[in-house]
Amino acid sequence: MRYITAVLLLLLVGVQAELWLGDGGLPQVMKLQSQLNAQLQRNTSQRVAIARLQAEVDDLRQGLEMVEERARADLGMVKPDEILVQYAAAKR
């Protein structure tokens, strides 16, 4: 009777070990959870970038002021009746 109990106990431990440590067990779940967390962080940063771009697109669709501002900042646009003055900040 003692041997049967010991064998059944060993079988139970073997099955439990396979459930906890085998394919789909605790290590696999932890690995997938870390991958999920990393993907959620990437998704969040992408949502912020998309919102920023969407706001810029909306501004460009609403009027030419944003286009003019971008042209002045990025391309150095000057209107025909304007004079461009640049100065360098003094070094301290």
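Values in this text are rule-based calculations from the coordinates and carry no lab data. The structure presented is a predicted model; accordingly, all values stated were derived computationally and were not measured.
Take segment 21-48 and flag every residue that is among the polar types (S, T, N, Q) and over 17 Å from the mean Cα position of the chain (by Cα). Walk me through it before giving the result.
Keep residues of segment 21-48 that are among the polar types (S, T, N, Q), which gives 28, 33-35, 37, 39, 41, 43-46.
Matches in segment 21-48: Q28 only.
For segment 12-28, how many residues meet the condition of being part of a helix (DSSP H, G or I) and among the acidic types (D, E)?
Number satisfying all stated conditions: 1.
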